Amino acid sequence: MRILIAEDEPVLAGQLKKTLSSEGLTVDVAVDGAEAQYLGETEPYDVIVLDLGLPIRDGLTVLKNLRSGGNDTAILILTARNDWTDRVDGLDAGADDYLTKPFHMAELSARVRAMIRRKAGKSTPVFTKDAVTFDTRTNQVMVDGIPMNLTSQEIAVLSYLFHNSGRLVSRAELSEHIYEHDGDRDSNTIAVFVNRLRKKLGSDLIETVRGRGYVIKAAT
Amino acid sequence: MTSLRARAVTGGILWAVAIIVLGLAGLSSYLTSQTQARFVEVLETRHAQAVVAVSNNSSSTQDLVRAIGDLAYQVPNSGQYWQVESDEGAIFASPSLVEARLPRPRSQNQGFIRREIAGPGEQGLLAISQWVTVKDGSMWHVQVASSLESFEEEQVILRNTLLTAFAFVSFVGVLGALTQVAVVLQPLNKLRQDVSGRWEQEDGLEVESYPIEVAPLVNDINTLMERNRDIMRRSRRQAADLAHAIKTPSAIMRNELENLDLGGAEVQEAIDALDRLDAQLKRSFARMRADGTDATVGVATDVDTSLGRMQRAFTALARNEGKSFSAAYEQNLRVRMDQSDFEEVMGNLLDNAMKWSASEVRLEASEAADGKIKITIADDGPGIPKEEITKATQSGQRLDTSMPGTGLGLAIAHDLVHAYGGKILLSKDEKLGGLAIHMRLPFASAKRAD
């Protein structure tokens with residue numbers, strides 16, 4: 001799952017990136033409105049965390065531009081202003097949720113996870129497919145109730161496939177959603193992660209459609 | 001300072017009284033002298049008639065009575081008398097004198113003597129007398145007198161007529177003065193009404209619709225209103241900028257402290273202190289906002305536009321939480337509140353309702369019978385017990401600490417609504433069973449068509 005954090009305060013952006021990355025999310029940071037809009041338009045993010053008080057181009061303008069350009073990525077706005085008018089402006093312009101500064105990091109990551117889940121059309125935080133369960137809140141994966149030890153890349157691949165269960169996901173799409181913007185994207189490594197997941201979680205969890213990609217069928 | 005109307009009316013009345021008194025005195029004096037002259041003229045004619053009669057018939061009273069034939073001389077005490085005396089002491093008098101006689105002037109002046117004397121029955125008389133010498137060389141003192149009673153009666157009638165006429169003129173004059181004052185002051189009255197009316201609106205006053213004497217004042221009022229709005233906008237922006245500048249570092253500190261906390265460091269006191277700092281900031285900004293509304297002029301908000309925005313925003317938020325939000329409001333309502341203040345009130349209350357509701361929040365807005373804007377927000381949450389209701393609107397009083405938040409939302413809304421002269425009441429909602437918040441907000445008149 002790829003997240004864009006548009007926040008001009010480098011320390012706060014770093015904290016956000018650290019927290020969300022530690023939860024298995026792939027995080028890019030934009031430090032101004034122009035960069036945020038460019039990345040939002042060119043990269044397939046699952047959630048954009050958008051501060052309204054960005055330099056160069058304010059967050060509200062970025063939000064409006066993204067929405068008017070047909071971008072329907074889930075957007076969480078961050079505002080330091082007290083005014084409800086700011087929040088309503090943002091929500092009215094198409095933001096999905098808001099958070100006011102100062103906020104608890106746990107609250108922010110819960111909101112982000114909930115937004116990803118809603119996008120996947122799922123109301124509960126736990127995915128289940130046969131004996132395998134995946135708790136999006138803790139990134140805990142269990143097989144028959146036994147916790148499994150997965151690397152962050154493996155969790156990233158599994159999480160994206162669960163959130164898009166029932167849909168065929170190409171290697172390219174997977175790599176776009178688990179690697180950072182300027183990271184080294186090698187789609188061959190995706191096959192390596194999928195193989196490891198099969199070994200750990202059972203071979204019938206992820207199906208391969210030869211030459212096209214992967215799918216987790218009928219997860220609940 | 002005395003009102004312009006009182007000054008104009010008092011000034012007009014004093015001026016009118018002075019003119020009327022002077023006019024009355026002048027006219028009265030002129031007409032009195034005219035009447036007096038005419039009276040004397042008539043008396044002189046009578047005297048001349050008597051002199052002619054004496055010249056021709058100085059032998060006996062009968063002859064003289066016949067010669068001076070006026071009937072008024074025949075009627076006893078009629079007020080018209082003559083009396084002729086020879087130099088030898090013989091006295092002839094008109095029958096109207098009966099037994100009485102007119103006194104002869106002490107002066108031996110041979111000329112014309114005019115004087116006031118007392119006649120029969122203490123009648124006041126004006127008498128003219130003269131010594132005349134007839135053809136036979138004898139001298140006669142010829143005296144005629146006329147009662148002043150008729151003269152005085154005429155004077156009274158004249159005075160009454162004049163007073164009546166002037167009273168009528170005064171009445172018309174005062175009415176005229178009042179009308180004139182009303183006409184002259186009409187633009188000022190219009191200005192007063194416009195100012196109190198437009199105070200509620202965003203538009204300035206139209207300078208062209210006032211006389212040039214008032215136009216500079218109208219301009220000044222427009223400038224003042226605009227400046228007032230500017231001050232408010234500027235101070236709001238400064239407060240918002242300050243909040244912005246403080247909150248991001250506060251968020252950074254909070255995250256660092258929470259990380260330290262997770263790592264087992266003793267930072268709970270620091271986290272508590274930061275919580276207090278954040279709550280205090282929020283409260284102070286809310287207070288600044290509520291206090292700032294005292295100086296707010298010329299603001300109004302389209303309720304349907306604003307609630308439309310709130311509806312779209314809260315429908316999205318309700319969807320996130322799997323709850324339902326519905327809003328029903330009349331069109332063309334306008335509330336006399338700044339839009340951001342109105343949205344602050346609605347945002348805080350709807351946010352609370354959303355947080356506490358089990359599954360449903362409803363919003364209704366309509367115009368009440370007394371012209372106020374009536375807004376109700378109801379939810380199906382646990383509500384607030386009666387005894388806790390007062391506490392709920394007090395700043396920072398959190399009734400239930402199990403939910404996140406500063407407990408300021410309701411207090412902020414309460415303070416803002418009161419600052420605008422509105423009312424806010426809490427009760428149990430009959431339909432949904434949760435809390436119902438009823439507000440009455442000041443109505444703003446319709447925006448000008450231009």
Hey, B:Lys282 at pLDDT 80 or above and either away from every other protein chain (no Cβ under 13 Å) or over 30 Å from B:Gln331 (Cβ atoms) (or both) or not:
no
If we take segment A:3-96, then strands (runs of 3 or more DSSP E) inside it with 1 or more residues that are aliphatic (A, V, I, L, M) and within 14 Å of chain B (Cβ to nearest Cβ) are A:47-51, A:74-79
Enumeration of residues in segment B:64-75 that are in contact (Cβ under 8 Å) with a residue 12 or more places away in the chain and either assigned to a loop (DSSP other than H, G, I, E, B) or touching a Gly at 6+ places or on another chain (Cβ under 6 Å) (or both)
B:Ile68, B:Asp70, B:Gln74, B:Val75
Has segment B:288-311 got any residue that is within 10 Å of another protein chain (Cβ to nearest Cβ), more than 27 Å from B:Asp241 (Cβ to Cβ) and out of contact with any Lys or Arg (no Cβ under 9 Å at 6 or more places or on another chain)?
yes
How many residues does segment B:4-63 hold that are part of a loop (DSSP other than H, G, I, E, B) and closer than 30 Å to B:Arg192 by Cβ?
0
For residues that are crowded, with 18+ Cβ neighbours inside 10 Å and more than 9 Å from every other protein chain (Cβ to nearest Cβ), tally how many sit in segment B:223-256.
2
Somewhere in segment B:141-150, is a residue in a helix (DSSP H, G or I) and more than 35 Å from the chain's Cα centre (by Cα)?
yes
If I filter segment A:98-119 for residues that are away from chain B (no Cβ under 12 Å) and part of a strand (DSSP E or B), do I get at least one hit?
no
Considering residues of segment B:365-377 that are assigned to a loop (DSSP other than H, G, I, E, B) and surrounded by fewer than 17 Cβ atoms within 10 Å (Cβ to Cβ) only, the residue nearest to the other protein chains (Cβ to nearest Cβ):
B:Ala368
Counting only residues that are farther than 21 Å from B:Leu441 by Cα and either crowded, with 22+ Cβ neighbours inside 10 Å or of a type in the set (Val, Ile, Thr) (or both), which one in segment B:318-364 is nearest to the other protein chains (Cβ to nearest Cβ)?
B:Phe325
May I ask you to verify whether A:Ile77 is within 23 Å of B:Arg254 (Cα to Cα) and in contact (Cβ under 8 Å) with a residue 12 or more places away in the chain?
yes
Only residues that are modelled with pLDDT of 90 or more, among the β-branched types (Val, Ile, Thr) and within 18 Å of B:Glu152 (Cα to Cα): list them for segment B:26-67, please.
B:Val40, B:Val42
Just one of (1) surrounded by fewer than 22 Cβ atoms within 10 Å (Cβ to Cβ); (2) under 20 Å from A:Ala120 (Cβ atoms) trips up A:Arg57, so point out which.
(2)
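The values are calculated or read from the model by the stated rules, or taken from the named source; none is laboratory data. None of these values were measured; they are calculated from a predicted model. A quick note on method: Cβ atoms are made from the backbone with ideal geometry, for glycine too, and the neighbour counts reach across all protein chains shown.
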